[in-house]
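All of the numbers you see were taken from the coordinates with simple rules; none came from a lab. Values in this document were obtained by computation on a predicted structure and should not be read as measured data. Ideal geometry is used to build each Cβ from the backbone, glycine not excepted, and the neighbour counts take in all protein chains shown.
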Amino acid sequence: MAESKTIALPDIGDFTDIEIIEILIAPGDQVVKEQSIIVLESDKATMEIPSPFDGTIEAISVSVGDRINEGDAIASIATSAAAAEPAAKAATATEPPAPAADVPVAVEAPTAADAPATKAAASSEPPQKSDVTPGKTLRPHPGATVSSSNSSGATIHASPSIRRYARELGVKLEQVIGSGPKGRIVKADVKAFIKSSMTAGAGAGGGIAVSSAPEIDHSKFGEIETIPLSRIKKISGAHLHRSWVTVPHVTQFDEADITELEAFRKSLAKEAEKKSVRLTPLIFLMKAVVSALQEFPDFNASLDASGENLVMKKYFHIGIAVDTPNGLVVPVVRDVDRKGLFDLAAELGELSLRARDGKLSPGDMQGGCFTISSLGGIGGTYFTPIVNAPEVAILGVSRSKMQPVFIDGEFEPRLMLPLGLSYDHRVIDGAQAARFTSFLSQVISDIRRVLL
């Protein structure tokens with residue numbers, strides 16, 4: 001008799017709440033031991049989880065986007081070998097041997113939008129016959145092709161690495177034409193699709209067409225060393241490029257007098273030390289930004305996918321850009337409006353430490369309303385940060401400096417903080433941006449205004 005067993009997530013190291021980005025099996029699939037069944041993604045790596053058994057998948061307990069931990073159930077599997085023998089014998093008796101071919105070894109999970117159509121297709125279509133030689137066990141290999149179906153029912157052939165590459169660049173594989181054997185999509189196809197899309201967009205006034213970068217042999221000019229970009233920089237680079245190309249950026253500059261704020265912050269130093277937290281100027285900026293977002297709700301919004309509606313957010317989650325050895329990450333501090341200064345200091349300190357140790361989960365970097373990027377601890381005067389889409393604005397903060405300010409007929413030394421607000425001009429116009437930075441500067445100059 002068939003024995004039903006549960007496939008659970010094994011020990012994968014120091015990871016918790018890790019996100020499922022692909023499901024490579026479906027109910028009824030025959031799998032072999034060590035065949036990949038799901039793909040997980042942390043902020044540092046993508047990992048494929050193999051099946052510990054041979055058998056037939058009975059049910060799947062998870063979905064794409066779920067977060068799981070060690071011991072959580074992934075699927076149930078019927079492990080009886082006897083059930084597979086009659087089918088194998090029947091196939092041997094009725095079909096002549098055929099040469100092994102590049103065939104799909106798994107099924108990619110549908111997206112949330114495609115799920116109903118894909119499930120309907122899966123339930124109504126009979127199983128496809130494989131081109132594998134009868135009696136030969138098909139085991140996946142690192143270069144194996146994974147297949148899925150698009151909305152028209154056509155099969156999409158692409159390896160897991162190509163699917164990850166396309167996902168990082170925001171490319172839907174059902175729109176890409178494969179040039180490999182049996183229509184397999186290769187990396188060059190994804191690049192060609194991006195290039196053609198940008199060229200077509202430029203022709204319609206909706207994008208920017210650029211020529212390909214020339215191949216330059218830098219070693220002709222001297223000694224070189226080639227170092228691969230970190231995974232964080234590859235992912236963030238694609239996101240920033242997409243934001244820069246698709247969002248019409250404008251930057252509004254301003255200054256805030258933080259003389260009184262800094263005096264107030266220093267007066268709380270001993271209390272902060274007792275609570276084992278660092279009360280940096282950034283904590284006060286977070287509260288001031290929330291006050292400005294409440295006054296100007298268009299800044300606490302996002303355009304929907306159609307670009308015709310504005311999604312107004314009733315919560316206040318602030319992203320903070322953190323410099324790490326592997327690149328820039330933006331963890332999100334949630335419900336800033338409901339937390340006190342010391343609570344925010346403790347939470348930001350913890351998030352920053354986890355960011356530098358590479359232990360942030362994907363959920364820690366999602367759901368932001370507005371981002372603050374502070375270079376005050378490093379230097380500089382002004383800079384123009386790139387909007388962290390789908391947010392519509394980002395605040396760049398530079399190093400404060402003492403400078404003379406003319407007040408009541410005479411110059412006084414005041415500590416001034418440079419601000420640079422970049423915004424999406426489709427949602428926010430210049431007058432709104434100027435009012436926002438003016439209001440924000442007033443709140444920062446007199447932090448008591450957050451109580452109003």
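Other residues whose C-beta falls under 13 angstrom from the C-beta of D66 contribute a net charge of -4, scoring Lys and Arg +1 and Asp and Glu -1. Farthest toward the positive end of the dipole of segment 234-451, out of Y382, L303, L285, is the Cα of L285, where the dipole comes from beta carbon charges about the Cα centre. With the simple spin-label model, which puts each label point 7 Å out from Cα in the Cβ direction, the F411 to E58 separation comes to 8.3 nm. Pairwise Cα distances in segment 336-441 exceed 21 Å in 53 percent of cases. Using the Cβ of F370 as centre and a radius below 15 Å, the other residues enclosed give a net charge of -2, where K and R count +1 and D and E count -1. Rounded, prolate or oblate for segment 284-412? Axes are the square roots of the Cα gyration tensor eigenvalues, ordered a ≥ b ≥ c, and the cut-off for rounded is a/c under 1.5. Taking the square roots of the gyration eigenvalues as a ≥ b ≥ c, segment 284-412 is oblate.
Rounded to the nearest 20 debye, the dipole magnitude of segment 282-352 is 160 debye, with +1 charges on Lys and Arg beta carbons, -1 on Asp and Glu beta carbons, and the Cα centre as origin. In terms of overall dimensions, the C-alpha atoms belonging to segment 234-451 reach 52, 40, 31 Å along their principal axes, ordered largest to smallest. Among residues other than L268 with Cβ under 15 Å from its Cβ, the summed charge is +3 (Lys and Arg +1, Asp and Glu -1). Sort segment 214-309 into rounded, prolate or oblate with this rule: let a ≥ b ≥ c be the square roots of the eigenvalues of the Cα gyration tensor; rounded if a/c is under 1.5, and if a/c is not under 1.5, prolate when a/b is larger than b/c, oblate otherwise. Since a/c reaches 1.5 but b/c is at least a/b, the shape of segment 214-309 is classed as oblate.
Computed from the Cβ-Cβ distance with R0 of 22 Å, the FRET efficiency linking E260 to R399 stands at 0.75.
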